[in-house]
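Trainee: Have a look at the structure that comes next, please.
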Amino acid sequence: MSDKLKLGVLISGRGSNLQSLIDATQDPNFPAEIVTVITNVPDVAGLDRATKANIPTTVINHKDFDGRAPFEDALHAALQEAGVELVCLAGFMRLLTDGFVNRWLDRMINIHPSLLPSFKGLHTHERAIKAGVRFSGCTIHFVRPEMDDGPIIAQAAVPIRQDDTADSLAARVLVEEHKIYPLAVRLIAENRVSIENSCVKIEGASHSEQALINPN
Ligand code: GAR
């Protein structure tokens, strides 16, 4: 049996971040593998991506359950059944209860399209442009019960252009999302990530000395 970290990827839609993980795991040296892809929305494009990569998929439609607890029990059972060690939320658009989050504490990560802790929630690009900030970006973080909260593992900063629309900014941020998700998974799988006082420490991390200035 492989000693790679076993990932369960949860999606609700197009699955481009799932694709970035599939692509990364196709490198034989990548230290993690996707053992299951679960969606709460039937017939989403992300499911085809998983099927094409021969990854088992499950649809657990929240609408089939009477409340959040039984839905999350089914989710939990499916993840356990597949032997998942790290849950990767990749455009999974359901809020999770404290109970579920605590069952996967420090074993569940999320991608969010802003530089957290700014712009939690929805419509992040539109709100960043409206606020006039010069940078937006994306964040991978451990999941905590509060929405879009938790120790930050990796971020990418993307300069906002004066002529940006929410769509043009989203497209540039998405390119970076596809880089930092595999990076964060790799760091965790290599056992280089620890959490101290709610902050992530990464063994052997290197950092750019170069500041980003916008406009330049
Ligand atoms: C991504 O931009 C991701 O950051 C965002 O949904 C999109 C999913 O795209 N996630 C959230 O907004 C979570 N709060 P994808 O299905 O192509 O990966």
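Trainee: All but one of (1) out of contact with any Lys or Arg (no Cβ under 6 Å at 6 or more places or on another chain); (2) buried (at least 20 other Cβ atoms within 10 Å of the Cβ) hold for VAL84; state the number of the condition that does not hold.
Mentor: Status for VAL84: all satisfied but (1).
Trainee: Among the listed residues VAL41, VAL87, VAL37, identify the single one that is within 12 Å of the ligand (Cβ to nearest atom), of a type outside the set (Gly, Ala, Ser), at pLDDT 95 or above and part of a strand (DSSP E or B).
Mentor: Going through VAL41, VAL87, VAL37 in turn, just one is within 12 Å of the ligand (Cβ to nearest atom), of a type outside the set (Gly, Ala, Ser), at pLDDT 95 or above and part of a strand (DSSP E or B): VAL37.
Trainee: Here's a follow-up. Looking only at segment 52-71, filter to residues that are within 21 Å of ILE109 (Cβ to Cβ) and assigned to a strand (DSSP E or B); which one of those is farthest from the ligand (Cβ to nearest atom)?
Mentor: If we take residues in segment 52-71 being within 21 Å of ILE109 (Cβ to Cβ) and assigned to a strand (DSSP E or B), then THR58 is farthest from the ligand (Cβ to nearest atom).
Trainee: Filter segment 63-73 down to the residues that are surrounded by fewer than 17 Cβ atoms within 10 Å (Cβ to Cβ) and out of contact with any Gly (no Cβ under 8 Å at 6 or more places or on another chain) and list them by number.
Mentor: Within segment 63-73, LYS63, ASP64, PHE65, ASP66, GLY67, ARG68, PRO70, ASP73 qualify.
Trainee: Among the residues of segment 171-182, are any surrounded by fewer than 20 Cβ atoms within 10 Å (Cβ to Cβ), over 18 Å from SER114 (Cβ atoms) and modelled with pLDDT of 95 or more?
Mentor: So far as segment 171-182 goes, no, none of its residues is surrounded by fewer than 20 Cβ atoms within 10 Å (Cβ to Cβ), over 18 Å from SER114 (Cβ atoms) and modelled with pLDDT of 95 or more.
Trainee: Quick check on ASN110: is it under 14 Å from PHE142 (Cα atoms), within 12 Å of the ligand (Cβ to nearest atom), free of Cβ contacts under 8 Å to residues at least 60 places away in the same chain and not in a loop (DSSP other than H, G, I, E, B)?
Mentor: In short, yes.
Trainee: Something else now. Would you check if PHE92 is within 19 Å of LEU7 (Cβ to Cβ), among the hydrophobic types (A, V, I, L, M, F, W, C) and in contact (Cβ under 8 Å) with a residue 40 or more places away in the chain?
Mentor: Criteria met by PHE92.
Trainee: I've got another one for you. From the list ARG14, ARG49, which residue is of a type in the set (Lys, Arg), assigned to a helix (DSSP H, G or I) and at pLDDT 95 or above?
Mentor: Going through ARG14, ARG49 in turn, just one is of a type in the set (Lys, Arg), assigned to a helix (DSSP H, G or I) and at pLDDT 95 or above: ARG49.
Trainee: Just one of (1) out of contact with any strand residue (DSSP E or B) (no Cβ under 8 Å at 6 or more places or on another chain); (2) not in a loop (DSSP other than H, G, I, E, B) trips up ARG144, so point out which.
Mentor: Status for ARG144: all satisfied but (2).
Trainee: Still on this model: Out of the residues in segment 113-136 that are in contact (Cβ under 8 Å) with a residue 24 or more places away in the chain and buried (at least 21 other Cβ atoms within 10 Å of the Cβ), which is nearest to the ligand (Cβ to nearest atom)?
Mentor: Checking each candidate, the answer is PRO113.
Trainee: When you scan segment 137-148, do you find a residue that is under 18 Å from SER12 (Cα atoms), within 16 Å of the ligand (Cβ to nearest atom) and polar (S, T, N, Q), even just one?
Mentor: No, there is no match, as no residue in segment 137-148 is under 18 Å from SER12 (Cα atoms), within 16 Å of the ligand (Cβ to nearest atom) and polar (S, T, N, Q).
The values are calculated or read from the model by the stated rules, or taken from the named source; none is laboratory data. This is a predicted model, so every value here is computed, not measured. Note that we place each Cβ from the backbone using ideal geometry, even for glycine, and neighbour counts take in every protein chain shown.
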